[in-house]
1. In 10 Å bins starting at 0, how do the alpha-carbon pair distances of the stretch A:473-562 split up by percent?
2. Calculate how steeply helix A:210-227 sits against the longest principal axis of the alpha-carbon atoms of chain A, using the helix alpha-carbon long axis, and give the answer as 0 to 90 degrees to the nearest 10.
3. Peptide A:452-462: average number of partner chain Cβ atoms within 10 Å per residue?
4. Give me the compactness ratio for the stretch B:26-136, meaning the Cα radius of gyration over 2.2 N^0.38 Å.
5. Average the reciprocal distances over every distinct pair of alpha-carbons in the stretch A:39-93, invert the result, and give the Kirkwood radius in Å.
6. Provide the convex hull volume over Cα atoms per residue for the stretch A:424-465, in Å³.
7. Restricting to Cα atoms and excluding each atom paired with itself, what does the Kirkwood estimate give for chain A in Å?
8. For the protein assembly as shown, what does -39500 (n - 2.57) per DSSP helix run (n ≥ 4), summed and divided by total residues, give at 222 nm, in deg cm²/dmol to the nearest 500?
C-alpha cells in the first residue's frame, strides 16, 4: 500500500483536465433506453397504472402470481444461497462444496465440465486434457460416490447442473449412489438442470441432437415425477440463452417455448399437466438493468401462469407457478478493472431478490478470468449474505409492486414476450425454429449488435469504453488453477474400473439399456442398473445414441465397446 | 492491403477458430463478423478443431493470422501444440492471436510460447483490428 506523498505545496500545474471535470459535472445520461432497448419516459404516474388493472397483478401468492409465488415470500424462507461449484476432480469439487456450506451456503450446486456434458468419459482421447477445466467430470458411479461422499443426501438440496442430454445419466448416477447408501429416492430434495434442447447453443450441438434432447429430457421428467416426487426434474435454462447476447424479452419468450417442448412430450406420453408440473422450474439471468430484470421476472410469472391455466388447463396452483433460480449474468462481467464486477454482481443479485427468486447463484467476480478461487467463491456467497441479512430486502414481498414504472415496464415486457413468441409461431414453432437454425441466426445477429453497442459506446461498460485504465498485470484475489495431479488420478481410476468390472454383467446391463432405447421406453431406470453394473457415461450415452441412429461417440473418434 | 506471392493486392486473411472441446463460440463468431466488416477476409473454422486441424487449414487457406478464441481454460495446454504445428508447417510469418477468458497472469507465458498478442474478454474491436493491420507483414 502506498502512503500519501509527503510533498509540500508548489505552484506547478497538475495534469488534471479540469474542463473534463466541469463537463462531467453537467453531464447527463446519453441513453434513456432500457438494456433491452425499450424507450422509457422520464416519469411514470397513476395514468400508467389504472387501479382497475390490479386484477392482472394481484397479491403475492395469488394467480397470476405477478408479485411472487408466496404471499409472505422471504419471511417464510430465504432464497437458497448456493454457488455453482465444479472444478478439477470429483474430490476437488466435493471439497469446495463442503467449504462453501461451512461458510453459510444453504444448498449444493455442482456443474459438469465440457467432456461430461458432451457425454465423453474422462479417458476419451479428446477429453483427457480438458477434464475438470470448467466443471466436474463424472464418468461412473465411483466418481459420483467421491463427489457426494460423507454428504448426507437427505439433509441437502443438491442442484446438479448437467444441462445436455447427458443429464439423464447424471440423474441415474445420483440415484444409483443414493440407493446404494440407503436413501429413499422419494425423499430426496434437489434439482437437475436437464434442458438438453437449449444446450446446443452453448457449443454442445453434437451431444444434443434435437429428437434425443426432447426424448431424454422428458425421460428425466417422467421418471422423477413417479419415483422422486420432491425433486425438481428440470430448470429450463433461460440464462444460457441470454448469455448469447439476446434481450430480456427474448430470453423469456425463447425459454418458455423450449419448456413447452418437454411439456408437450409429457402430454403425448399420456400425462395431464397437473400430474407432473409441480416440480417444473427455470433458470433465469439477471443482467445489469435492475428495473428491467425485475419487470421481466414479474412478466414471466404472469405469462407462465396464464399459459399453464389457459392453454394447458392446469388447475393446481403449483402447476401454474413460475419457479426459478437466478444466475447473475456472467456475460456482463469483464476482466478490465475486475473488482468492478463485485458491484455489478451485487446489483444483479438485488434485482433477482426484488423479483422474488427461489435460489440464487452470484457469479464470482473472477468469472471472466478463470474458475472461481476460494476467495472469489466465498466473496460471491458473502454478496448474497449481505443482501439477505443486512439490507432489509427480505421484509416485504414484491417491494416494487405498484410502482408506476415497474408495473408499466412489466406490461410492456409482457407484450414484447408475446410478440416474440408469435414470431416463432410464424416460422413453424420452436422445434422448427431450432431445426432450421432460425434461432441460431437470431443469436448471431443479437451478439453482434451487443458488441457494436459497446464499440460505439451506445452502452457504457466502465473500464472498457469509459473510465479506462492500463490493463492490470495481476488478478486481485489470484487465479484458480486446476491440479493436473488429481485429474490424472481420476482418469487412471476410470481406466482401472473399466478393466476390473464384471464384464458379463456390464455387457448384459448395457445391452438391456440399448434394447429399452430401441423400444423407445424411458431409459432412466435402465441407466441406473447399468451404472450399478459399472457402465460409464460415454457407454450409456453411446448405447442410446446408436439406438437413435447417431454415432456412438459424438466426436466420432472411438467405437462402441459392446 | 498487402502483396503476397502472386503480387496481386489482396485482403488480410484471418482464420478464426476454437480448439478442443471448448464450444463457447459467441466471441469467435462476433470477432469473425467484426473483422469481415473491417475489410478482412475471414475463414471461420468453428469448433472441435485440434491443433493440427487448425494449422492444416491455415496452410490450405494461406492466412496471415490465426485467431484463437478460448474460454474453457485450455489455453496453456493447446497453445504450445498449435505453435509446434505452426513451426512444423513453416508458418513463420503467420501471427497467432488469442482472445477470450484468459488470466492476465498467463499473458507473459503465452507470449514466451509464441503467441503474438492476447485480447482478453471485454476487448473492443478497434484495437484488435489495428493490431492485425499493423502487424501483418506488408
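1. 16, 37, 26, 12, 8, 2
2. The two axes meet at around 80 degrees.
3. Across the residues of A:452-462, the mean count of other-chain Cβ atoms within 10 Å is 2.
4. 0.98
5. The Cα-based Kirkwood calculation yields 15.3 Å.
6. In the stretch A:424-465, the Cα hull volume divided by residue count equals 77 Å³.
7. 24.8 Å
8. Taken over the protein assembly as shown, the calculation gives -13500 deg cm²/dmol.
Each value in this text was obtained by applying a stated rule to the coordinates, not by laboratory testing. Values in this document were obtained by computation on a predicted structure and should not be read as measured data. Here Cβ is always computed from backbone atoms with ideal geometry, including for glycine, and neighbour counts include all displayed protein chains.
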